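Engineer: Just passing along the structure, written as C-alpha cells.
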Amino acid sequence: MTAKITYDEVEVGTELPAGSFPVTRATLVRYAGASGDFNPIHWNERFAREVGLPDVIAHGMFTMAEAIRVVTDWAGDPGAVVEYGVRFTKPVVVPDDETGALIEVSAKVGAKLDDRRVRVDLTAMSAGQKVLGMSRAVVQLA
Amino acid sequence: MALDQSFVGRTYPPTVPYEVGREKIREFAEAVGDDNPAYTDPAAATALGHPEVIAPPTFVFAITFAAAGQVVEDPQLGLDYSRVVHGDQRFAYSRPVRAGDRLRVTSTIEAIKSLAGNDILDIRGEVHDEAGEHVVTAWTKLVARAAEGA
C-alpha cells in the first residue's frame with residue numbers, strides 16, 4: 001500500500017478536500033443493479049410512501065460509498081483504508097427530478113494513531129441534515 | 001416480539017465462494033461515480049503495490065449482506081425482515097478485496113437487543129480468501145422496527 005500522504009505531514013485537525021456527490025433516481029437504479037440491493041424503497045415512490053418514508057431514499061450503502069471517496073481520493077491508494085464505519089442517522093431523500101439530492105462530505109484528521117495510521121472523522125450532509133453519524137475511517141499513511 | 005437471546009454467538013456455515021470479477025468491480029465503481037484507476041486499470045493497481053485491480057472499500061458489503069441472509073431468513077430466529085433498516089456498518093480490512101478473489105463469508109450473531117420494542121441484531125461477517133487468509137470483517141447492525149400496535 002502506497003498512500004501519497006505521509007504521516008508526518010498531517011496534524012490533528014488537518015482538513016481533507018471536501019466532496020459533493022449528486023444522486024438522482026437514475027443513480028439509485030444503477031447502484032441497485034451494481035450492488036444487488038433491489039429494495040423498492042430505493043426506486044419505487046409508491047412503495048416508499050406506503051412504508052412511511054417521505055419519498056424514495058438513497059441506499060445507506062451508497063452514501064457510505066460516496067463518503068469514503070473523500071478519503072480514498074486524498075490518500076491516493078484506496079487500499080490505505082484499513083477501517084471504515086458509519087451510523088445511518090437520516091435518509092438521503094431523492095426527489096423525482098433532474099437534480100435529485102446532493103451528499104456533501106467533509107473530513108478531517110481526528111487522531112494520529114500508532115504505526116503511521118490516522119483516524120479520519122467524516123461528516124456527510126444532505127438537505128441540511130446529517131445523514132451519517134460516527135463516521136470514521138482509519139487510514140494507513142506513508 | 002423479542003428475538004431469542006439464545007441465538008447470540010451462533011455461527012452459520014461458510015458460504016460457497018464468491019468470485020470477484022474485474023468487470024463487477026468496474027460496474028460498482030461506475031455506479032458510485034468513482035473513477036479511481038486502481039479499480040479498473042491493472043497497471044495503476046500494480047503501481048500502488050496491488051497484484052490486481054482492487055475493489056472500493058464498501059464493495060464487499062454485497063457479499064457479506066447476502067451471507068447475512070442466512071441469519072436474517074433463519075425461520076427459527078423469526079426476524080420480520082419487512083421492518084428491518086440498516087443501523088450501522090463497519091469494516092476492518094487485512095487487505096483490499098481484489099479481482100480474482102474467491103471469498104467465503106462466515107456469519108456470526110454477535111448481539112441481540114430489544115430497545116423500545118425494536119429488535120436490534122448485530123451480525124459479524126468474517127471474509128476469507130481461498131487460501132484461508134483473512135481479508136475483511138464486516139459488522140452490520142440491523143434494526144427491526146416495532147410493529148404498529150405491538
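The values are calculated or read from the model by the stated rules, or taken from the named source; none is laboratory data. Just so you know, these numbers come straight off a predicted model, no measurement behind them. All Cβ positions, even for glycine, are placed from backbone atoms using ideal geometry, and neighbour counts span all protein chains on display.
Engineer: I'd like the residue in the range A:114-140 that is more than 11 Å from chain B (Cβ to nearest Cβ) and buried (at least 21 other Cβ atoms within 10 Å of the Cβ) and, out of all such residues, is nearest to A:Pro22 (Cα to Cα).
Structural biologist: Just the residues of the range A:114-140 that are more than 11 Å from chain B (Cβ to nearest Cβ), to begin with: A:114-131.
Next cut, buried (at least 21 other Cβ atoms within 10 Å of the Cβ) only: A:118, A:120, A:122, A:124, A:126, A:131.
Values: A:Val118: 28, A:Val120: 22, A:Leu122: 17, A:Ala124: 13, A:Ser126: 10, A:Val131: 14 Å.
Once the filter is applied, the top-ranked residue is A:Ser126.
Engineer: May I ask you to verify whether A:Gly79 is within 30 Å of B:Ala99 (Cα to Cα), among the small types (Gly, Ala, Ser), within 9 Å of another protein chain (Cβ to nearest Cβ) and without any contact (Cβ under 8 Å) to a residue 60 or more places away in the chain?
Structural biologist: Considered against the rule, which asks whether it is within 30 Å of B:Ala99 (Cα to Cα), among the small types (Gly, Ala, Ser), within 9 Å of another protein chain (Cβ to nearest Cβ) and without any contact (Cβ under 8 Å) to a residue 60 or more places away in the chain, A:Gly79 comes out as no.
Engineer: So which residues in the range A:1-39 are in a helix (DSSP H, G or I) and either within 11 Å of chain B (Cβ to nearest Cβ) or at pLDDT below 95 (or both), if there are any at all?
Structural biologist: A:Ala26, A:Thr27, A:Leu28, A:Val29, A:Arg30, A:Tyr31, A:Ala32, A:Gly33, A:Ala34, A:Ser35
Engineer: So which residues in the range B:111-128 are under 14 Å from the mean Cα position of the chain (by Cα) and among the charged types (D, E, K, R)?
Structural biologist: B:Asp122, B:Arg124, B:Glu126
Engineer: Suppose we keep only residues that are outside any helix (DSSP H, G or I) and modelled with pLDDT of 95 or more within the range A:40-53. Which one would you say is farthest from the chain's Cα centre (by Cα)? So that I can check it myself, show each step before the final result.
Structural biologist: Keep residues of the range A:40-53 that are outside any helix (DSSP H, G or I), which gives A:43-44, A:51-53.
This time we only want the ones that are modelled with pLDDT of 95 or more, so: A:43-44.
Working: A:Trp43: 19, A:Asn44: 23 Å.
Once the filter is applied, the top-ranked residue is A:Asn44.
Engineer: Do we have any residue at all in the range B:71-79 that's at the interface with chain A (Cβ under 8 Å from one of its Cβ atoms), surrounded by fewer than 18 Cβ atoms within 10 Å (Cβ to Cβ) and of a type in the set (Gly, Ala, Ser)?
Structural biologist: No.
Engineer: Condition first: at positive phi and out of contact with any strand residue (DSSP E or B) (no Cβ under 8 Å at 6 or more places or on another chain). Can you find one or more residues in the range A:32-42 that meet it?
Structural biologist: Within the range A:32-42, one or more residues are at positive phi and out of contact with any strand residue (DSSP E or B) (no Cβ under 8 Å at 6 or more places or on another chain).
Engineer: Right, next: For the range B:21-57, what are the residues that are more than 7 Å from every other protein chain (Cβ to nearest Cβ), of a type in the set (A, V, I, L, M, F, W, C) and touching an Asp or Glu at 6+ places or on another chain (Cβ under 8 Å)?
Structural biologist: Those that are more than 7 Å from every other protein chain (Cβ to nearest Cβ), of a type in the set (A, V, I, L, M, F, W, C) and touching an Asp or Glu at 6+ places or on another chain (Cβ under 8 Å): B:Ala29, B:Ala45, B:Val53.
Engineer: Pull up the range B:126-141, narrow it to residues that are touching a residue at least 24 places away in the same chain (Cβ under 8 Å) and hydrophobic (A, V, I, L, M, F, W, C), then point me to the one that is farthest from the other protein chains (Cβ to nearest Cβ). Lay out the reasoning, then the answer.
Structural biologist: Taking the range B:126-141 and keeping what is touching a residue at least 24 places away in the same chain (Cβ under 8 Å), we get B:127-130, B:133-141.
Add one more test, that the residue is hydrophobic (A, V, I, L, M, F, W, C), and what stays is B:127, B:135-136, B:138-139.
Values: B:Val127: 14, B:Val135: 12, B:Val136: 10, B:Ala138: 10, B:Trp139: 8 Å.
Per the criteria, the residue is B:Val127.
Engineer: Sticking with this structure for a sec: With a cut-off of at least 3 residues that are at pLDDT below 95, name the helices (runs of 4 or more DSSP H) lying wholly within the range B:1-99.
Structural biologist: Hits in the range B:1-99: B:61-72.
Engineer: Does at least one position in the range B:86-99 carry a residue that is among the acidic types (Asp, Glu), under 22 Å from A:Ser135 (Cβ atoms) and either in contact with a Cys (Cβ under 8 Å, 6 or more places away or on another chain) or surrounded by fewer than 18 Cβ atoms within 10 Å (Cβ to Cβ) (or both)?
Structural biologist: Within the range B:86-99, not a single residue is among the acidic types (Asp, Glu), under 22 Å from A:Ser135 (Cβ atoms) and either in contact with a Cys (Cβ under 8 Å, 6 or more places away or on another chain) or surrounded by fewer than 18 Cβ atoms within 10 Å (Cβ to Cβ) (or both).
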